[in-house]
1. Scan segment 181-199 for residues that are modelled with pLDDT of 90 or more and in contact with a Cys (Cβ under 9 Å, 6 or more places away or on another chain) and jot them down.
2. Return yes when residue 107 is in contact with a Ser or Thr (Cβ under 8 Å, 6 or more places away or on another chain), farther than 24 Å from residue 164 by Cβ, assigned to a strand (DSSP E or B) and aromatic (Phe, Trp, Tyr) and no when it is not.
3. Would you confirm whether or not segment 130-148 contains a residue that is assigned to a strand (DSSP E or B), open to solvent by less than 80 Å² (accessible area, probe 1.4 Å) and within 19 Å of residue 194 (Cα to Cα)?
4. For segment 149-166, how many residues meet the condition of being outside any strand (DSSP E or B) and surrounded by 21 or more Cβ atoms within 10 Å (Cβ to Cβ)?
5. Would you call residue 161 in contact with a helix residue (DSSP H, G or I) (Cβ under 9 Å, 6 or more places away or on another chain), at pLDDT below 90 and either within 20 Å of residue 60 (Cβ to Cβ) or not charged (D, E, K, R) (or both)?
6. Of everything in segment 57-77, what is of a type in the set (S, T, N, Q), surrounded by 15 or more Cβ atoms within 10 Å (Cβ to Cβ) and closer than 20 Å to residue 197 by Cα? Give them in sequence order.
7. Could we say that residue 115 is over 19 Å from residue 196 (Cβ atoms), touching a Pro at 6+ places or on another chain (Cβ under 8 Å) and not aliphatic (A, V, I, L, M) here?
8. When the residues of segment 93-123 are filtered to those that are out of contact with any Asp or Glu (no Cβ under 9 Å at 6 or more places or on another chain) and open to solvent by 70 Å² or more (accessible area, probe 1.4 Å), which remaining residue is nearest to residue 154 (Cα to Cα)?
Amino acid sequence: MKKRKLWQKVCSAILSVGALLFSQSTAQAQSNLPGLLLKIGLHLEQVALPGVSGLKYGLNPGILIGAEYQYKSTGKVTLFHSLEYSVSANKSYGANNVFSTYFGPRFVNKDNQISLGVGGGFNLFRPANPLYQNKQTDYVRKATQGKWLAGATVKYGHQFGKYIPYASYGCYVDTPFLNSSSSILPHQFIQVGLKMAGS
């Protein structure tokens, strides 16, 4: 009988310690996870903005990799800064190789978070149809074209420990093609992916 009571006390103590550790780790893990996070995801892009149907080329599927730094805060609002590389391709338009950075506030409510970012970047564009550049008296074929861009994004994520699945919508405009008379193109994109804490 004494052994049984002792065993019950030991089990009760183990469960109490386990519950305490679990509650502390959960409280520390709740959506205010500061530090560097790695990102990977799927990227769907379209050369258009809502209501601008004349520019549509269909969806450009691609992938995204990057990193995001979340600043430490004890409140519900903190800041984030992200660096990303995305590549997407379209048969009739070409391939976008976008290097971008976004900065802005992150709103935290328990395990839910919403981020609003603005920023810019560079698109090493590879057109589907070759571009030519006039050099003295000859036209030289150009394989890629550099285009500066400015954009904005909104992102929703839900934290599970050190992992944050997220969905994001964004848009950007990039600089004209080779000649100054061509238009600035609007782009919109959707991303779904996963952010992971490094340690």
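1. Within segment 181-199, just 189 meets the criteria.
2. Values: in contact with a Ser or Thr (Cβ under 8 Å, 6 or more places away or on another chain): yes; farther than 24 Å from residue 164 by Cβ: no; assigned to a strand (DSSP E or B): yes; aromatic (Phe, Trp, Tyr): yes.
Judged against the criteria, residue 107 is not a match.
3. No, segment 130-148 has no match at all.
4. The qualifying residues number 1.
5. Taking the combined requirement at face value, the residue satisfies it.
6. Matches in segment 57-77: 70 only.
7. In short, no.
8. 116
The values are calculated or read from the model by the stated rules, or taken from the named source; none is laboratory data. This is a predicted model, so every value here is computed, not measured. Every residue, glycine as well, gets a Cβ built from its backbone with ideal geometry; the counts of neighbours run over all protein chains shown. Heavy atoms of the whole protein, side chains included, go into the accessibility calculation; ligands, DNA and RNA do not. Shrake-Rupley method; radii C 1.70, N 1.55, O 1.52, S 1.80 Å.
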